[in-house]
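Notes to accompany the following structure.
The values are calculated or read from the model by the stated rules, or taken from the named source; none is laboratory data. Given the structure is predicted, the values throughout are model-derived calculations rather than measurements. Cβ: placed from backbone, ideal geometry, glycine included. Neighbour counts: every protein chain shown. Side chains are part of the model used for accessible areas, which takes the heavy atoms of the whole protein and leaves out ligands, DNA and RNA. Shrake-Rupley method; radii C 1.70, N 1.55, O 1.52, S 1.80 Å.
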Amino acid sequence: HSRQYLEQDAASTEPAPVETGGMVDDSMSGNTIGGYKATISNPRTSQAAKEKAQAILDGEADPSDYAPGTGDAHTNRVLGGYKATLKNPNVSEEAKEHAREVLQENGVDA
């Protein structure tokens, strides 16, 4: 009988649902959920990080809301980097011209 169950499991392409503290979520892998649980139990993580992890596990928040490289903060940092390029004496004129073009396309005065 155990061989039959193993073959059945191996043939399945769908991930098994993972229990997440009262909520079953098919979209997150077991490793992802384990990471959020580890964040909650780690004494070195901030209270804010623990609250975010708990909200995600409870289904009250979307993990993509906290993804790096999204939103206005990321855009501002990228554009700030281009502005810094213009003032850096070690940057080629070609790179500075590219930075000016990007800043102009984004409505930033340089």
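Name the residues in the range 11-38 that are open to solvent by less than 40 Å² (accessible area, probe 1.4 Å) and either touching a Phe, Trp or Tyr at 6+ places or on another chain (Cβ under 7 Å) or at pLDDT 50 or above (or both), would you?
25, 28, 33, 34, 35
Considering only the range 57-97, state which residues are at pLDDT 90 or above and touching a helix residue (DSSP H, G or I) at 6+ places or on another chain (Cβ under 8 Å).
If the condition is that a residue be at pLDDT 90 or above and touching a helix residue (DSSP H, G or I) at 6+ places or on another chain (Cβ under 8 Å), then 57, 79, 82, 83, 85, 86, 91, 95, 96 are the ones that fit.
Quick one: in the range 47-82, which of the residues that are surrounded by 15 or more Cβ atoms within 10 Å (Cβ to Cβ) and more than 19 Å from the chain's Cα centre (by Cα) is farthest from residue 29 (Cα to Cα)?
Only one residue fits best here, namely 82.
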